[in-house]
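S.K.: Can you keep this structure in mind? I'll have questions shortly.
The values are calculated or read from the model by the stated rules, or taken from the named source; none is laboratory data. Computed from a prediction, not measured in an experiment: that's the story for all the values here. Neighbour counts are summed over all protein chains in view; Cβ atoms, including those assigned to glycine, are modelled from backbone coordinates with ideal geometry. Side chains are part of the model used for accessible areas, which takes the heavy atoms of the whole protein and leaves out ligands, DNA and RNA. Shrake-Rupley method; radii C 1.70, N 1.55, O 1.52, S 1.80 Å.
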Amino acid sequence: MFEFVKTIFKKDVNPAEVVKKSREDRFLARELINGLVSDFIEFHGDRLSADDTSVIGGIGRLKGRPVTIIAIDKGVDIHDKLSKRNGSPQPWGYRKAQRLMKQAAKFNRPIITLINTPGAFPGMEAEAQGQGEAIAQSILESMKLTMPMIAIIYGEGGSGGALALATADQVWMFENATYSILSPEGFASILWKDAKRSEEAAAIMGITPADLLEKHVIDQIIPEGRHHAKIFEGMQEKLVEEFDAMQALPKRELIESRRARYRAF
């Protein structure tokens, strides 16, 4: 039987190994979407400037119930990865996510986000088009949602680029995922002026699921394995259970609880 982990999990794990595994293509965005929901219909564009293919969003049915699902996609082959900047969204990607969040609230649909990104794209055009503002607005929109939202980090959860879609009622992480303010290489470069000390940085940053569960930054760890269908089935059951509990709450209480969660940090 598939079981989620709510206790301390693998504290003796090597953080550098977790970082390495988090960057591998263990799970793909569309594989996760198709594994969690049926009848998926994808929506495109931010209704302002463009469509960012690194952000996949739409509606589907989670064991029969309508949900909105938004995923950051690193791509499959080299050409796909290059076109999606290895899962680094641009402003119009975050604005597409905002549009879908608002739509979900309008039609009373719970939201699932799937996150695998080294961070938002740092290109000149992205900055000129308001990358920081787009991330901030995504976080703000999440804080106003009247429907429950669960964020699932299935690979890298890097910086504000991940937080834009992880400001949720609950945050889950796959066993070999990471969640951090910046990469270990970036941390080492800033602190010691030496990116080669990234393994040392990973050990002190507290970016593994076990570290983050212990600090109550995340709520669940999803064990991994070769049988993806079994993992997805377990996730479906747990998502339904948690959404049922949250939807039973008054909307004001749901919003206040979500905000209190992030004020505590």
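S.K.: Which numbered condition trips up Met143, out of (1) more than 21 Å from Glu242 (Cα to Cα); (2) assigned to a helix (DSSP H, G or I)?
M.R.: The number of the failed condition is (1).
S.K.: Within region 181-210, track down each residue that is buried (at least 23 other Cβ atoms within 10 Å of the Cβ) and free of Cβ contacts under 8 Å to residues at least 40 places away in the same chain.
M.R.: Ala201
S.K.: Mind listing whichever residues of region 234-256 are surrounded by 16 or more Cβ atoms within 10 Å (Cβ to Cβ) and acidic (Asp, Glu)?
M.R.: Of everything in region 234-256, just one residue is surrounded by 16 or more Cβ atoms within 10 Å (Cβ to Cβ) and acidic (Asp, Glu), namely Glu242.
S.K.: Restricting attention to region 114-134, does a residue exist that is hydrophobic (A, V, I, L, M, F, W, C), out of contact with any helix residue (DSSP H, G or I) (no Cβ under 8 Å at 6 or more places or on another chain) and within 21 Å of Thr53 (Cα to Cα)?
M.R.: Here is the first cut: in region 114-134, the ones hydrophobic (A, V, I, L, M, F, W, C) are 114-115, 120-121, 124, 126, 128, 134.
From what is left, the residues that are out of contact with any helix residue (DSSP H, G or I) (no Cβ under 8 Å at 6 or more places or on another chain) are 124, 128.
Now drop any that are not within 21 Å of Thr53 (Cα to Cα), which leaves 124, 128.
Within region 114-134, one or more residues are hydrophobic (A, V, I, L, M, F, W, C), out of contact with any helix residue (DSSP H, G or I) (no Cβ under 8 Å at 6 or more places or on another chain) and within 21 Å of Thr53 (Cα to Cα).
S.K.: Further, regarding this structure: Using beta carbons and a limit of 6 Å, which pairs, at least six apart or on different chains, have the first residue in region 226-244 and more than 14 Å from Met149 (Cα to Cα) and the second one modelled with pLDDT under 95?
M.R.: What qualifies is Lys230/Phe2; Gly234/Phe2.
S.K.: Okay, moving on. Does Leu163 qualify as being open to solvent by 40 Å² or more (accessible area, probe 1.4 Å) and closer than 18 Å to Ala71 by Cβ? Explain how you work it out, then say what you get.
M.R.: On the way: open to solvent by 40 Å² or more (accessible area, probe 1.4 Å): yes; closer than 18 Å to Ala71 by Cβ: yes.
Considered against the rule, which asks whether it is open to solvent by 40 Å² or more (accessible area, probe 1.4 Å) and closer than 18 Å to Ala71 by Cβ, Leu163 comes out as yes.
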